[in-house]
Every structure is written in structure tokens, then in C-alpha cells.
Amino acid sequence: MNAALRLADLEASVGDRRILKGIHLELPFGEMHAVMGPNGSGKSTLCHVLSGRTGYQVSGAAELDGVGLLTKAVHERARMGLVQCFQYPVEIPGVRLGEFVDEAAAEAGIENSEQVIAAAAEQFDMTRFLDRSVNDDLSGGEKKRSEIFQISVLAPKVALLDEVDSGLDIDAVRDVAEAVEKMRGPEVGVLMITHYSRILRYVQPDRVHVMIDGQIVESGGPELAEELEKGGYAALRKRLGLNEPEETSAPQKRDPFSELPFGS
Amino acid sequence: MSALTLATVAELDASVPDREAAFDVFSKLPLPGPADETWRYVEHEISLEGLSLPAQGQAMDPDPILAGLDPGQHAVIVDGRTASIEGSGYLQQGLKLADLIASDVDKFAAAHRAFVSDGVQIRIPPGKHTASPILVELQSVSPNAISFPHVTIELEENSEAEVIVAHRAVNGIGSYSVPQVEVVLAQSARLRLLELQEVGEGSSVIVQLRARLGRDATLRLGEVGLGGDLARLDLAVHLEGQGSAAEIVGLFFGHRQQTLDYRMVLRHEGPKSSSNVLLKGAVEDSARSIFSGLVRIEKNANGTSAFETNRNLVLSPDAKANSIPNLEILCDDVICGHGSSVGPLEEDHLYYLQSRGISPARAERLLVRGFFKAVLDKLPVGGMEDALAEIVERRFVRAQESAA
């Protein structure tokens with residue numbers, strides 16, 4: 001059986017700068033994996049490269065259910081079954097969420113799409129947003145719920161969650177985590193990309209991969225996330241005998257909530 | 001057919017004052033062009049050569065955009081003369097100049113005063129409301145004709161009305177229409193006015209619209225610009241009365257070699273007056289658009305608020321949109337703002353839609369539809385949104401397909 005997603009020696013660069021330096025990863029159907037890494041490790045690039053954003057030179061292989069992704073256009077990848085949950089979903093004034101999801105469901109060949117949409121909207125408490133513009137005037141948590149609602153309608157083979165908990169307060173993180181848990185199923189592989197282990201207190205991934213400097217340096221079970229939570233990336237580097245990070249020109253992101261003293 | 005001469009002026013309704021003086025101004029003024037401040041960016045070549053006042057032609061077929069409308073009164077003015085008025089109410093045939101438009105504004109204003117032939121007047125008595133909308137069609141049907149219809153709308157104290165003025169011309173006749181619309185709102189009067197400009201290809205329309213608002217009067221004006229080779233709206237709203245309010249929403253979609261030219265002046269004189277302008281447009285092919293909006297707040301207009309927004313989608317490399325918002329504030333206690341943008345569809349928006357499996361072409365259509373939705377939803381006269389959305393979408397799809 002094919003994996004939901006298989007990456008082999010995936011490399012990506014922008015100009016002379018190599019960002020992904022040979023990623024290997026296998027995400028079987030029915031599993032949820034987390035890719036964790038510090039700022040500048042290439043996590044966002046991985047998302048962009050998989051979903052088809054332009055501007056990268058890419059080599060290696062990325063297969064979705066055995067079919068190569070990298071030569072396909074953005075919308076073709078989505079129709080093959082790769083759907084992304086955006087870190088910062090854009091607001092699109094004038095385009096109603098309902099009409100947008102209708103069109104997307106039609107393109108994805110979803111049967112009984114009207115009922116499917118209604119049921120998913122109910123499940124993720126999005127019904128009242130269907131008549132409103134996409135993401136317009138939504139709180140951070142509502143936007144993420146809307147993303148997960150859309151993914152659940154489109155029933156992808158791979159759900160790619162990019163920093164699904166960023167910018168959320170603690171209650172919203174719990175809500176979103178709950179929604180992510182509902183996405184699990186035997187027909188889907190979930191790949192969660194995250195800087196912080198915070199969301200991993202509420203969702204339990206089957207595997208955790210740690211990405212540093214464009215490579216996956218360690219993979220393990222949920223206990224790997226706990227190790228990171230305790231010692232941070234510095235302790236892990238030390239254990240693995242990795243050098244201190246190179247200077248990076250990537251913009252530094254801060255998540256104010258990560259610095260709060262949560263008990264685990 | 002009568003040429004634009006003094007002899008023609010002498011044959012027209014003599015009750016219009018100062019026709020000959022206006023003719024004099026008309027013959028002395030040069031044709032306007034991009035060198036004139038109020039015609040800046042209009043590169044479309046204007047020529048009145050060979051145009052004449054026509055004998056009245058046959059009225060056009062009913063307008064599909066207006067099919068959903070059930071007007072209480074319906075006047076059809078063909079080639080500058082009233083052809084029919086259906087229904088009874090407050091609209092009457094005849095010229096009534098409210099004198100809000102000086103005849104030396106430009107060559108077209110002078111020509112209008114010199115050659116104005118007929119029109120309609122709407123006068124709503126104090127406290128009265130029109131139960132259904134009043135529709136005025138200004139049609140050009142004769143080849144190489146120029147016509148000067150006049151519409152005067154007066155609302156007396158605390159009255160209310162809904163009026164649609166539709167500018168139409170048969171395709172390919174090369175006509176000019178130079179209508180004037182004058183609006184006078186007395187205290188607490190409320191007018192919803194929709195200007196629907198769908199002049200056929202090859203013709204031009206130059207509209208001068210003036211409105212004067214008394215105390216607590218409200219004007220809600222909708223502008224829809226679709227047709228014409230050169231289509232110009234020269235609009236001035238004088239917010240004279242305390243608490244008067246003007247809300248202007250408009251949309252346009254220019255294609256082929258069209259020039260769509262919007263000039264708006266909002267003059268706030270009354271304290272606590274308010275205005276809000278939202279104009280959204282798109283240009284395709286090698287179309288041009290111009291928005292020039294001046295909000296002027298006079299010295300004593302304390303407590304005034306004024307906002308103007310102009311958003312333009314430029315959908316092809318040869319199309320061009322110009323946007324010039326302006327504020328002149330002579331008073332301290334005001335809230336004002338303006339915003340303008342000119343550019344293509346947003347990459348991030350396209351990417352987002354495509355990432356859900358929507359093709360690039362469909363994604364563009366969704367975004368164009370969405371762009372205009374905010375305006376269509378706010379038009380002061382309902383019932384045309386779907387027809388207009390469809391026209392805009394068809395136009396966009398045609399351009400998309402011809403580019404592919």
C-alpha cells in the first residue's frame with residue numbers, strides 16, 4: 001500500500017540559498033505526524049514546496065498516494081488530495097465561504113456535497129459563517145476552524161497543517177486541537193508542522209520528526225515532543241552532537257504564548 | 001437633422017434663458033482634453049465633427065437589466081425628445097432648469113444650455129413618498145446624432161423617491177449624448193437615485209449631474225458604468241444643509257478601448273453633514289478609467305464626516321486606471337478619510353482559492369465577482385444585482401478567453 005505522503009531526498013532552494021537539504025519522510029494513511037523545528041529550519045518552505053507555491057527550485061521526490069506532486073499546479077495538487085491549513089488564512093472580501101466551498105467541493109468531485117458541507121459546518125460550528133466572506137472579520141481561532149472545516153469537506157488524502165496553533169489563545173488552541181483530532185481517519189494522513197509543542201499537549205501525533213537546518217535530524221514517538229518541551233532545541237542539538245545554528249536571514253517569529261509558564 | 005449652429009438655436013424652445021449666450025461660449029471654447037485639469041488623463045479623441053441634432057428615431061427594445069423592475073412611471077426620451085410616458089405620478093414631460101450647472105463649465109455644458117430640447121421633471125410634494133420607482137430612459141438611436149436631454153428632480157420637504165436614470169444607445173451609431181441631471185432636495189427629503197450607463201459601443205455619453213441638499217436631506221446615489229466609447233460622469237454634490245448626507249456607491253467595468261471617466265466633487269457646507277463615496281471598477285483589454293474625487297469641507301462645516309474610497313482592478317497589461325482622491329479641509333472639527341488602490345487581482349487570494357482545487361481561471365472569476373459584490377449589495381435601488389453581476393462576469397470571461 002502507498003503511503004499518504006512520501007518524501008525522498010526533497011531539496012529546495014531560493015537563488016543560491018539551500019533551504020531544504022534532502023528531506024525523507026513517510027506518512028502512512030491513518031497516521032498523524034508532526035514536523036517540529038526552530039525558526040529558519042525550513043518548515044514553512046516544506047509547506048510551500050508541497051502545496052506548490054512558486055519561487056523555489058525543487059528537486060527530489062514527493063508522492064501523494066504514489067503519484068508525483070512536484071510537477072503539478074497548485075489546484076491540481078489539491079484535486080489529487082493535498083489540502084493545506086494555512087498559518088495565516090487570507091481574508092477575501094466579497095467571496096462567500098459557502099459559495100467558495102461549494103465550488104471547491106464540486107472540483108473535488110465530492111458527492112452529496114450540499115449535505116457534506118452542512119454536516120461539516122455543523123460539526124465545526126461554521127454554519128453562521130457560510131454566508132459571510134471568506135475569513136472576513138474572523139478571530140484567529142475562527143479562521144483556523146474555518147480552515148479545518150474546509151479540509152474536512154474536501155476529504156483530502158493528506159492534510160497539511162501549517163502552524164495550526166499560531167496566534168491563538170489557550171482556549172482557541174484547545175478548540176483547534178479538538179478539531180484536528182476529528183480529522184483523523186483511515187483514509188487520511190495528517191502532517192502537522194509546528195514550532196511549538198504547545199498544541200501537542202492536546203493532540204497526540206503518532207510520530208514526531210525534528211527538522212533542523214533543512215534536514216530531519218531525528219524521528220520518534222510522542223516522547224520526542226516532550227523532550228523538546230523540556231530542553232528545547234538546544235538540548236536536542238547537544239544530544240545529537242549538532243552544531244549551533246548558522247546565521248539565518250529568515251524573519252524571527254515570536255509566539256507570546258509560548259513564553260507563558262504553562263504546566264504540562 | 002439640424003447642425004450645431006446659431007440658426008438651430010433660434011428654432012428651439014425660447015423659454016430657455018441665455019441660449020444664445022451659451023452658444024457663444026460653446027463656439028469659443030475649445031474641445032476639452034487631457035491638458036484641462038478637469039479632463040486630465042482623458043486621451044480619448046473627442047470630435048463633434050458631423051454631429052447634428054437628430055429627428056427622433058424609434059425607441060429601443062426593453063432593457064434586460066431593467067426587466068426585474070416594476071416602475072410606477074416610465075419615461076422614454078429618444079434622441080433628446082420625450083417619446084412616451086407610461087403610468088401617472090409626479091413625473092411630467094418638459095424642461096425645467098434648476099440652474100445648478102453653469103454653462104461655462106466646459107464646451108459640453110455650454111452646448112447643453114444652447115441646444116437642450118426636451119426633458120422630464122419630477123417633483124415630489126412635501127411629505128409624499130413614491131410607492132414604486134420612477135424610471136427615466138435616455139436613449140440615443142440615430143446615427144451621428146448629438147442630443148441634450150434634461151432631467152430635473154425636486155423633492156420637497158420630507159418627501160421620498162426612488163429614481164432610475166438609464167443611459168442607452170444603439171450599438172455602432174457613433175452618437176453623443178450630453179444629458180444634465182439636476183437634483184434639489186429640500187429639508188429631510190430622501191432620494192435614492194441610480195444611474196445606469198450602458199450606452200452601446202461606438203457612442204459616447206457625457207453626463208453632468210448636480211445635486212443640492214438641504215437640511216437633513218439624504219441622497220443615496222448609485223452609479224453603474226458599463227458602456228460607451230467615452231463615458232464621463234461629472235458629478236457635484238453640494239451638501240448645503242446641516243446634517244445633510246450623501247452616500248455614493250458605484251461600479252464600472254471597462255473593456256475594449258473604452259474610457260470611463262468619473263469626476264466627483266463633494267462640497268460640504270452644512271455642519272454635521274456627511275458623505276461616503278465607494279467606487280470600484282475594473283479595466284480590461286486597453287480600457288482606461290479615471291477617478292478624480294474632491295471632497296471639500298468649507299469653513300463652517302463643523303462635525304462633518306467624509307470618506308472616499310476608489311478601488312481599481314487592472315486586468316490586462318494594456319489597461320490603465322487612474323485614481324486621484326483629494327481632500328480640501330478648511331475646518332478643524334471633521335473626520336475624513338480616503339483610500340485608493342490600483343492593481344491586479346491579489347496573488348495571495350488567487351493562491352488561497354487554488355489551494356482548494358479551484359482552477360486559476362475559476363479563481364479569478366470568483367475574485368472579480370467578489371470584488372464587485374460589496375458595491376452591488378449597496379446599490380440604492382434593488383433588483384438589478386444579479387443581471388449586473390452577470391454582465392460583469394460575462395465581460396471578464398470573454399476577456400479571459402481571448403487572452404488564453
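Laboratory data are not the source of any read-out in this text; all were calculated from the coordinates shown. A quick note: this is a predicted structure, and the numbers were derived from the prediction, not measured. Neighbour counts are summed over all protein chains in view; Cβ atoms, including those assigned to glycine, are modelled from backbone coordinates with ideal geometry.
In table form, for the structure just shown:
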read-out: Relative contact order, percent, chain B [alpha-carbon distance under 8 Å, six or more residues apart]; value: 10
read-out: Listed residues B:Leu191, B:Asn312, B:Pro125: farthest to the positive end of the dipole of chain B (Cβ charges); value: B:Asn312
read-out: Packing-based exposure ordering (other Cβ within 10 Å, fewest first) of B:Ser359, B:Ser15, B:Ser103, B:Ser275; value: B:Ser15, B:Ser359, B:Ser103, B:Ser275
read-out: Stretch in chain A that is longest and holds no GluC sites (Glu not before Pro) that DSSP places in a loop and that have at most 13 other beta carbons within 10 Å; value: A:1-110
read-out: Longest to shortest principal axis, alpha-carbon extents of the stretch A:1-126, angstrom; value: 46, 39, 26
read-out: Distance violations [Cα-Cα > 21 Å] among A:Lys21/A:Lys144; B:Lys272/B:Lys299; A:Lys43/A:Lys144; value: A:Lys21/A:Lys144
read-out: Listed residues B:Pro271, B:Val136, B:Ile146: farthest to the positive end of the dipole of the protein assembly as shown (Cβ charges); value: B:Pro271
read-out: Shielding by partners, peptide A:74-84 (average Cβ within 10 angstrom, other chains); value: 5
read-out: Spacing of the two label points (7 Å from each Cα toward its C-beta) at B:His129 and B:Glu86, in nm; value: 2.5
read-out: Label-point gap, in nm, between B:Arg256 and B:Asp70 - each point 7 angstrom along Cα→Cβ; value: 3.6
read-out: Residues whose placed amide H lies under 5 Å from that of B:Asp118, excluding near-sequence neighbours; value: B:His150
read-out: Estimated 222 nm signal from helices in the protein assembly as shown, with DSSP H stretches of n ≥ 4 weighted -39500 (n - 2.57), rounded to 500; value: -7000 deg cm²/dmol
read-out: Residues whose placed amide H lies under 5 Å from that of A:Ile212, excluding near-sequence neighbours; value: A:Val217
read-out: Beta bridge orientation in the stretch B:2-345: antiparallel %, DSSP, nearest 5; value: 5
read-out: The stretch A:5-259: relative contact order in percent, alpha carbon pairs under 8 Å with at least 6 residues between; value: 27
